Amino acid sequence: AMTRELSERNKLATLLSDHAVEALSKNEYAVGIDSGVETFKGTALVTDIRNFTGMCENYEPEQITDLLNEHFACMTRIFTANNGRIYKYIGDAIEVVFADNDDLENKSFERAFFSAVEMLEALKEINQKRKDKNLFEYKIGIGLCYSSMSSGSIGSLETRLDYAILGDALKNAAKLESFSKLNP
């Protein structure tokens, strides 16, 4: 039974964010989903690929899929190494949360900032490899914001259940990311 549950959790982990898997694992299905909300402080990081719609119009879907797979894999390694947790992928955008944690050496805003710097360095390497293969290069934007956030289940078992993180941090990080177009 333990092996089966571990296998099911690993399958879930490939489909859901770490936050969602953790929230679901805290709840017993027989009893139903706990609608409790967890409030925490941390730093949100929102990143987006520049001119992604234009790329989709100009390049084959296979090329776009390859770009996204390479980009997401590389950036995910960076977030994970800095104790960030991917909240969700939205098309070409990634929303990541770095929760405050006194057990870690660096503060959440430091881990998010280090991730942003590492992302830009990794993008240079990705673009050099793409250039060497005669593939198109791309740019990204990044926004960071520190604030309180709340997380928990939304929806209902009867219709659709989802996991959400709400708060000014994600909203403002997305705004700052869009402003980064003005100062590449």
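Less than 5 angstrom separates the built amide H of R50 from those of K139, I140, G141, all sequence-distant by 5 or more or on a different chain.
Could you tally the net charge around Y146, taking each other residue with its Cβ under 12 Å from the Cβ of Y146, Lys/Arg +1 and Asp/Glu -1? Charge balance near Y146 sits at 0. Its convex hull of Cα atoms gives the range 87-184 a direction-averaged projected area, equal to a quarter of the hull surface, of 8.8 nm². Within the straight-line cut-off of under 24 Å between alpha carbons, the lysines reachable from K171 are K41, K88, K107, K139, K181, sequence neighbours fewer than 8 places apart in one chain being disregarded. Checking every one of the GluC sites (Glu not before Pro) in the range 119-149 against DSSP loop status and a limit of 16 other Cβ atoms within 10 Å picks out E137. For the range 145-178, the set of trypsin sites (Lys or Arg not before Pro) satisfying both a DSSP loop assignment and a count of at most 13 other C-beta atoms within 10 Å is given as R160.
When the trypsin sites (Lys or Arg not before Pro) in the range 38-145 are filtered for DSSP coil states and for at most 13 other beta-carbon atoms within 10 Å of their beta-carbon, the remaining sites are K133.
Net charge near N127: determine it from the other residues with C-beta under 13 Å of the C-beta of N127, scoring Lys and Arg +1 and Asp and Glu -1. Here the count lands on +2. Here each label is just a point 7 Å from Cα along the line to Cβ, and for S156 and C56 those points are 3.2 nm apart. Full extension of the chain between T39 and E110 yields a length gain of 23.5 nm, computed as 0.36 nm times the residue separation minus the alpha carbon distance.
Where a number appears in this text, it was derived from the coordinates with a stated rule and is not lab data. Being a predicted model, the structure only gives us computed values, none of them experimental. With ideal geometry, Cβ positions are generated from the backbone for all residues, glycine too; neighbour counts draw on all protein chains shown.
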